[in-house]
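The values are calculated or read from the model by the stated rules, or taken from the named source; none is laboratory data. In this text, all values refer to a predicted model and were calculated from it rather than measured experimentally. Please note: Cβ atoms are built from the backbone with ideal geometry, for glycine as well, and neighbour counts cover all protein chains shown. The area values use the complete protein model at the heavy-atom level, side chains included, leaving out ligands, DNA and RNA. Shrake-Rupley method; radii C 1.70, N 1.55, O 1.52, S 1.80 Å.
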Amino acid sequence: MSIKKNSRSGIFLIEIILAILFFALASSVCLSFFAESRQLSADAADLNNAVAASITVSEAFQGSDTPEAAARAVKMSFDNAEVSASHGEINLDEDGLILVYDVSPSSQVAGITCIAISVKKDAEVVYDLIREVYYEEKF
């Protein structure tokens, strides 16, 4: 009489390989989601810093009597600011976030001054703000 032995180790090995393959695929998808969420978080932080700095510069011009006084206020707000009454550049962080503003009088209405504020990172615009301010002309 012969006894037949069924070997189940081959099926078990295939089952383990499939389980490992499934978990490897699932972990690669999770890692890609984590990497994408980290980038979104960094972009959101850059945008938040850009908006806050732009508002600070804009309010300095809005609350000043002259563009020269506004440039002094911006210089007081940002230590590393290279500013003048007509142009300014501010490094916002060590990652390359730079705020640039240009001041130009309006050609259409006397007393109106246009302030164009742009925040860039790696030559890509993160945030733009254009503000018009009225400076009373003193004669």
Note on segment 37-70: residues among the hydroxyl-bearing types (Ser, Thr, Tyr), under 17 Å from the mean Cα position of the chain (by Cα) and open to solvent by 40 Å² or more (accessible area, probe 1.4 Å) are 37, 41, 56
Exactly one of 50, 69, 42 is under 24 Å from residue 128 (Cα atoms), touching a residue at least 60 places away in the same chain (Cβ under 8 Å) and of a type outside the set (Asp, Glu), and that one is 50
Checked against (1) out of contact with any helix residue (DSSP H, G or I) (no Cβ under 8 Å at 6 or more places or on another chain); (2) within 30 Å of residue 102 (Cα to Cα); (3) of a type outside the set (Ser, Thr, Tyr), residue 14 satisfies every condition except (2)
Scanning segment 122-138 for residues that are touching a residue at least 24 places away in the same chain (Cβ under 8 Å) and open to solvent by 50 Å² or more (accessible area, probe 1.4 Å), the one farthest from residue 71 (Cα to Cα) turns out to be 122
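With respect to residue 100, is the statement that it is part of a strand (DSSP E or B), free of Cβ contacts under 8 Å to residues at least 24 places away in the same chain and under 15 Å from the mean Cα position of the chain (by Cα) true?
So residue 100 passes the test.
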Note to self: Against the condition in a helix (DSSP H, G or I) and of a type in the set (S, T, N, Q), how does residue 58 come out, does it pass?
What the structure shows: yes
- Message: If I filter segment 85-95 for residues that are farther than 26 Å from residue 40 by Cβ and not in a strand (DSSP E or B), do I get at least one hit?
- Response: yes
Of those in segment 85-118 that are surrounded by 13 or more Cβ atoms within 10 Å (Cβ to Cβ) and hydroxyl-bearing (Ser, Thr, Tyr), the residue farthest from residue 69 (Cα to Cα) is 118
